[in-house]
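Q: Please find one structure pasted underneath; my questions will follow.
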Amino acid sequence: MPARSIRKANGKIAHLFRVGRSRTGLGVFATGPIRKNSYIVEYTGPLLTNAECEEIPDNRYLFEVNARWTIDGSPRKNVARYINHSCRPNADPMIRDRRIRIKAIKNIAAGDEITYDYGKDHFNAYIKPKGCRCDKCREKRRKERAEVRAANARKRKRAGRARLASAP
Ligand SMILES: [Zn+2]
């Protein structure tokens with residue numbers, strides 16, 4: 001798959017990221033360190049008017065750039081479409097002049113998955129119904145499960161004490 005590459009001082013081509021398997025299917029992973037605030041990749045595709053988009057049913061790759069225009073990022077050569085959502089992202093799409101450039105908002109280490117926040121509308125339409133699988137949400141659910149387990153353990157303990165107290 002295509003990936004943005006940079007020519008190193010020794011003339012070798014170095015890729016900044018690769019598309020690979022992730023928890024949710026495919027994802028985009030840094031192949032080397034990416035500095036905070038640096039440009040990663042552009043989200044590309046045909047420019048449609050927002051009115052035209054009303055006619056397209058269920059295209060999750062539509063990305064509105066302003067009150068009039070939307071980019072249809074569904075073509076597979078748009079590598080940025082493989083970047084997954086996270087509620088604790090390390091990148092952010094910057095919209096300017098009807099173009100979407102994805103920038104690092106944290107220092108990203110080699111091997112890290114690159115993510116950005118898809119925004120409330122997309123989240124509610126496509127992610128919430130299935131449950132978000134980003135690190136932050138998984139952590140939250142893990143904590144909630146641990147709390148339930150701890151509460152159940154306390155209940156069992158109390159029940160045990162009650163049995164002991166009522167024993168003849
Ligand atoms: Zn999440």
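The values are calculated or read from the model by the stated rules, or taken from the named source; none is laboratory data. Since we're looking at a predicted model, the values are computed, not measured. FYI the Cβ positions are ideal-geometry reconstructions off the backbone, even for glycines, and counts take in every protein chain you see.
Q: Quick check on ALA104: is it over 14 Å from the mean Cα position of the chain (by Cα), away from the ligand (no atom under 15 Å from the Cβ) and either more than 20 Å from ASP72 (Cβ to Cβ) or not assigned by TED's automatic domain parsing to the domain that holds TYR61 (or both)? Explain how you work it out, then say what you get.
A: Values: over 14 Å from the mean Cα position of the chain (by Cα): no; away from the ligand (no atom under 15 Å from the Cβ): yes; either more than 20 Å from ASP72 (Cβ to Cβ) or not assigned by TED's automatic domain parsing to the domain that holds TYR61 (or both): yes.
Criteria not met by ALA104.
Q: How many residues does region 85-143 hold that are closer than 15 Å to ILE40 by Cβ and among the hydroxyl-bearing types (Ser, Thr, Tyr)?
A: The qualifying residues number 3.
Q: Still on this structure, please answer the following. Would you mind stating whether GLU144 is within 16 Å of the ligand (Cβ to nearest atom), more than 23 Å from VAL28 (Cα to Cα) and of a type in the set (Asp, Glu)? If you could, list the steps in order and put the result at the bottom.
A: Values: within 16 Å of the ligand (Cβ to nearest atom): yes; more than 23 Å from VAL28 (Cα to Cα): yes; of a type in the set (Asp, Glu): yes.
Judged against the criteria, GLU144 is a match.
Q: Can you say whether TYR43 is out of contact with any His (no Cβ under 9 Å at 6 or more places or on another chain) and either within 16 Å of the ligand (Cβ to nearest atom) or within 20 Å of GLY20 (Cβ to Cβ) (or both), as far as the supplied structure shows?
A: Working: out of contact with any His (no Cβ under 9 Å at 6 or more places or on another chain): yes; either within 16 Å of the ligand (Cβ to nearest atom) or within 20 Å of GLY20 (Cβ to Cβ) (or both): yes.
Yes; evaluated as a whole, the condition is true for this residue.
Q: Going through ALA110, ALA150 one at a time, which residue ends up being outside any strand (DSSP E or B) and either assigned by TED's automatic domain parsing to the domain that holds TYR61 or in contact with a helix residue (DSSP H, G or I) (Cβ under 6 Å, 6 or more places away or on another chain) (or both)?
A: Working: ALA150 fails: either assigned by TED's automatic domain parsing to the domain that holds TYR61 or in contact with a helix residue (DSSP H, G or I) (Cβ under 6 Å, 6 or more places away or on another chain) (or both).
Only one candidate qualifies: ALA110.
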